[in-house]
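Engineer: The following block contains the structure, expressed as structure tokens.
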Amino acid sequence: MNTLAEPSADFAAAVPHVLVLDDNSMITDMLSSMLDMFGYRAATANAGEDALAMLAADRDRKSTRLNSSH
């Protein structure tokens, strides 16, 4: 039986990471799913404070940020 292994550190580092921020969780979930389909690793936040905390904790990881203004 074949099992899937965790990706290597080199592979994980090569995968583009995106932080998606919106106050509507349906939007962040949809965008995250779409980005996953295109080979991105997406993290989501539904509040600015949460997004800032995520960025501060993992500064070098997020390569792209998506946001909307109302």
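Engineer: Taking H placed 1.01 Å from N in the peptide plane, check which residues at least 5 places from Val20 or on another chain put their amide H under 5 Å from its amide H.
Structural biologist: Ala43, Thr44, Ala45
Engineer: Can you compute 3J(HN,Hα) from phi for each residue in the stretch 30-43, using the Karplus curve 6.51 cos²θ - 1.76 cosθ + 1.60 with θ = phi - 60°, rounded to whole Hz and x for Gly and Pro?
Structural biologist: 5, 5, 4, 4, 5, 5, 4, 4, 9, x, 9, 9, 9, 10
Computed from the coordinates by the stated procedures, all read-outs in this text should not be read as laboratory data. Everything numeric here is computed off the predicted structure, so don't read it as measured data.
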